[in-house]
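Each reported figure results from applying straightforward, stated rules to the coordinates on display, with no laboratory input. All of these numbers come straight from a predicted model, not from anything done at the bench. Note that we place each Cβ from the backbone using ideal geometry, even for glycine, and neighbour counts take in every protein chain shown.
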Amino acid sequence: MHLCDFNISNLRCISQTSVELDKGINLIIGENGSGKTSFLEGIYLLATGKSFSAVKRRDLIRDGTCRMGVAGVFVSSFGLESKIKLEKSYSETNYTLQGQSVRKTSDVAAKIPILVGNSRAADLLTDSPKARRDLLDRTAFHVKPSFLSIWQELRRALAQRNNVLKSGYSSNQLCYWDKLVSEKSNEMDAYRKEIVDKVNYFLTKSTLKEELGDVSFDYYSGWDTNFPLLQHLTSNRESESRIGYTLYGAHRADLRIRVAGKSGAKRLSKGQLKSVAFESIIALHEYISENGPAKPIFLVDDLSAELDNVKQRRLIGKILRLSGQKVLSSIQPDIMEFLDNEGHKVFHVKQGKIT
């Protein structure tokens, strides 16, 4: 999968641009504040319907205008084209695939595997568990055809179960939702465990061991797996009814980093966290590439922050050797020395203009 033609209108500091991207390597070179990150954000917006900066819609719209838009053509490995368009005003969003309105952003996101490595990558290891669950689930979307429906069914079941808990629960009603939450949580759990096992395998082959020792992730399912989830749900109904929501299930899962046999996130520097985060994202890329129907698009925003030259060069070299389309931004033109004879395109960004 790769993005071919790409158009931006009034996204942050970018007024208007149209480019044809290379299906391999694309470098976006420019000073800080020139629009590099906005360019990458536009690609992510188009593929997922969401910003990777978690901003309000008005922050996406260029000052002095009332509407922003991104549009492009994604091409599969079989040559099939998907034309996607996203427009946002201050009051509404229009998102279309092949000219048809998109009801759920997840329906598009599941079709286009896309990974992001940026200044916030290390936050994945220290932020709330939800960020790590979401990353696992986005990975599963692109490898397991049934995962999206399982994910949607679990969300509906949890919403219904929580409603029953809040309204003064009925045992008969809860029996049905307990079984469904248990069933779908166990199905999601199996998929997530497979991904974590593969990521840990790829991490054993990374160069992290030279600096940090063994690095791996412990996966917590969202309940004590020494006992069936259904048992947790049925035996904790009273306490859950007092707070009004479900305490056990796949929606409570987490990933916890382990370094040299010890819990690691708080023991690592920002640079070390960033290295681990990028190696983990690269591992997810490898997993999707090997097991999914489409190669992921990899967006990398200014890798240099908090990493010394040796770590930068190692990670950039590894990223450029990955299969699929890569779009990397940098303030340093010397990143081009990594390209050798690889097929690539270079774009220069200055004050929101891309050439």
note = For the chain, the Debye formula with one identical point scatterer on each Cα and no solvent gives log10 I(q)/I(0) at q = 0.06, 0.07 Å⁻¹ as -0.24, -0.33
task = With a Förster radius of 25 Å, plug the Cβ-Cβ distance of residue 334 and residue 211 into 1/(1 + (r/R0)^6) and report the FRET value to the nearest 0.05.
result = 0.55
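What per residue convex hull volume, in Å³, comes out for the range 30-86 when only alpha-carbon positions are used?
About 100 Å³ per residue, rounded to a whole number.
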note = Of the candidates 246, 149, 100, the farthest towards the positive dipole end of the chain (Lys/Arg Cβ +1, Asp/Glu Cβ -1, centred on the Cα centre) is 246
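Using the count of nearby Cβ atoms within 10 Å as a rough guide to exposure, how do 329, 91 rank from fewest to most?
Taking fewest neighbouring Cβ atoms as first place, the list is 91, 329.
Could you list the GluC sites (Glu not before Pro) in the range 80-139 that lie in coil according to DSSP, counting only those with at most 16 other Cβ atoms within 10 Å of their Cβ?
92
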inquiry  = Could you tell me the calculated FRET efficiency between residue 305 and residue 220, based on Cβ-Cβ distance and R0 = 45 angstrom, to the nearest 0.05?
reply    = 0.90
query = In whole angstrom, how far apart do the alpha carbon centroids of the range 290-355 and the range 169-247 sit?
reply = 35
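Excluding residue 164 itself, what net charge comes from residues whose Cβ is under 11 Å from its Cβ, given Lys and Arg +1 and Asp and Glu -1?
Result for the neighbourhood of residue 164: +1.
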key: Cα-based reach from residue 179 at 19 Å (exclusive), listing aspartates and glutamates while leaving out same-chain residues under 8 positions away   = 153, 187, 189, 224, 238, 240
ask   = List the lysines whose alpha-carbon lies under 19 Å from that of residue 353, not counting same-chain residues fewer than 8 positions away?
value = 36, 345
query = In whole angstrom, and with the biggest value first, how far do the Cα coordinates of the range 122-293 range along each principal axis?
reply = 56, 37, 26
inquiry  = So for the range 15-166, considering every pair of alpha-carbon atoms, how many percent are separated by more than 23 Å?
reply    = 47
ask   = From the Cα gyration tensor of the range 265-351, with a ≥ b ≥ c the square roots of its eigenvalues, which class applies: rounded if a/c is under 1.5, or else prolate if a/b is larger than b/c, or else oblate?
value = oblate
task = Taking only Cα atoms and a 10 Å spring cutoff, compute GNM fluctuations for the chain and point out the largest among 219, 169, 44.
result = 169
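Taking a 22 Å limit on the Cα-Cα distance, which of the listed pairs 50/193; 205/274; 23/198 fall beyond it?
From 50/193; 205/274; 23/198, over 22 Å: 50/193; 23/198.
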